[in-house]
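The values are calculated or read from the model by the stated rules, or taken from the named source; none is laboratory data. Just so you know, these numbers come straight off a predicted model, no measurement behind them. Cβ coordinates were reconstructed from backbone atoms using ideal geometry, including for glycine residues, and neighbour counts include every protein chain displayed.
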């Protein structure tokens, strides 16, 4: 994550507050895939 990148800093904070991974079982497979894809893209962008 680059210094001063507010978007990446906000995403890092949001990841710390996310619910436990087990709760993904409670959402539909389409949503679970979307959440996982978004997380992959954001963490890749913010390295």
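Quick look at the values:
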quantity: Single condition residue 10 does not satisfy, out of (1) part of a helix (DSSP H, G or I); (2) modelled with pLDDT under 85; calculated: (2)
quantity: Where a residue in segment 25-47 is touching a residue at least 40 places away in the same chain (Cβ under 8 Å) and its partner, wherever it lies, is surrounded by 12 or more Cβ atoms within 10 Å (Cβ to Cβ) and outside any helix (DSSP H, G or I), with Cβ under 8 Å and at least six apart; calculated: 46/1; 46/5; 47/1
quantity: Subset of the chain [over 13 Å from the mean Cα position of the chain (by Cα) and surrounded by 12 or more Cβ atoms within 10 Å (Cβ to Cβ)]; calculated: 1, 5, 27
